[in-house]
Structure formats: structure tokens, C-alpha cells
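The values are calculated or read from the model by the stated rules, or taken from the named source; none is laboratory data. Just so it is clear, the structure is predicted and the values come from calculations on it, not from any experiment. Cβ coordinates were reconstructed from backbone atoms using ideal geometry, including for glycine residues, and neighbour counts include every protein chain displayed.
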Amino acid sequence: MASKLTVGVVSDTHGLVRPEAIEALRGSDVILHAGDIGGHHVLQELGEIAPVIPVRGNVDGGWARLLPERRTLDLGGVPVLILHDRALVGLDPFLTEAEAASGAAPPRSRSGVTPAKRAGGLALALRPGRGCAVPRSRERVVVFGHSHQPLAEMRQGVLWFNPGSAGPRRFRLPVSVGRLVIEDGRVRHHLLTL
């Protein structure tokens with residue numbers, strides 16, 4: 001039987017945890033927060049649903065300065081880069097800084113994988129450093145926020161996924177969260193308007 005990992009994705013909460021967002025994220029095995037958290041209470045409330053893996057956004061200060069600006073994860077066998085502003089990513093988000101500087105292709109080894117943590121019964125490996133060396137044939141995902149605009153776009157084998165903003169409404173943009181379902185190394189994505 002195939003293992004399935006349900007990943008809740010949220011961004012730009014700016015201190016607001018909507019009951020609708022909590023309900024939409026229920027059933028997640030893990031929740032990714034792509035920054036502009038707005039208060040530690042946001043992570044605590046989300047953490048009551050599932051383990052939360054956050055990154056720092058451009059308006060996160062104080063305690064949130066301890067959070068990384070980006071993380072590279074292996075979720076259910078799929079490389080996932082999470083950061084707040086996608087403008088901070090080059091053409092190939094999965095190159096390490098050294099590989100990008102040298103122009104070299106990433107190695108195909110899986111060295112550098114830390115011992116896996118468990119989330120929903122599936123391996124969740126946090127990888128140190130800024131890049132993740134993966135074979136080009138595998139699906140890859142970049143999760144980001146910042147624009148408050150929901151987006152799911154495939155470009156050159158990479159799913160660029162912005163759940164939109166679950167916080168205070170901005171302009172006429174929808175209030176939304178996202179969900180990734182990872183099964184057998186494949187990713188299905190859903191944008192959920194609240």
C-alpha cells in the first residue's frame with residue numbers, strides 16, 4: 001500500500017489565525033508556513049493540528065529572527081524548498097550556493113541527509129544548507145508567500161506554489177491556504193479559498 005503525506009501550506013498570516021484556516025488545514029500531517037507569521041501564537045495554534053515547519057518573512061522580527069529564511073526538505077520523497085519571497089531564488093532553486101557559483105550540475109547522491117523525523121508515519125528529512133541535490137527526473141516543489149496571491153505553476157519540472165494569504169485581507173486578493181498531497185513521489189496541489 002502506498003504512503004500518502006498531506007501537507008498544509010500557509011503564508012502571510014500577519015498574526016491572524018482564522019477559524020476557517022484552522023478547519024481547512026485539519027487532516028494535515030505537517031504544515032509549512034512560508035513566512036510573515038506575525039506572532040508565536042500563530043505557530044502554537046497551527047501546531048495543535050500538526051507539526052509546523054516555518055520560515056521567516058520580511059516583516060517577521062524579534063523572536064522570528066531565529067527562524068531560517070529558507071529550508072530545504074524532503075517530504076515523502078519529494079524535494080521541497082520553502083522560503084518567503086521567490087525573488088530570492090535563482091533559476092534552479094535546488095542548486096547549492098557552491099554549485100551555482102561554479103556552474104556545476106548538482107550531484108545525484110543523497111549525502112547530507114539528516115536522520116529523518118516522522119510526520120504522519122512518513123519520513124520527513126530536513127537537509128542542512130541552502131540546496132538539495134536531487135535527480136532531475138523527480139518532482140520538486142518551491143513553496144513561497146510574500147505576494148499574498150495564490151499561485152500553482154509548473155516551470156521546468158518545478159511546482160511553484162504560493163498558498164496566498166491566510167491573514168488580514170489585502171486589496172481584493174482572496175484569503176486562502178494550500179494543500180499538497182504527496183504519494184509515490186508525485187504531488188497533487190490544491191488552493192483553498194476561505
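Do you know which residues across region 147-170 are surrounded by fewer than 14 Cβ atoms within 10 Å (Cβ to Cβ) and of a type outside the set (A, V, I, L, M)?
Within region 147-170, Glu153, Arg155, Gln156, Gly157, Arg169 qualify.
If you go through region 171-191 one residue at a time, do you hit one that is out of contact with any Leu (no Cβ under 7 Å at 6 or more places or on another chain), more than 20 Å from Lys4 (Cα to Cα), surrounded by 22 or more Cβ atoms within 10 Å (Cβ to Cβ) and not acidic (Asp, Glu)?
The answer is no; no qualifying residue exists.
Output the residue which, of all residues in region 139-194 that are in a loop (DSSP other than H, G, I, E, B) and of a type in the set (A, V, I, L, M, F, W, C), is farthest from Arg18 (Cα to Cα).
That would be Phe144.
Taking Pro107, is it more than 24 Å from Ser28 (Cα to Cα) and modelled with pLDDT under 60?
yes
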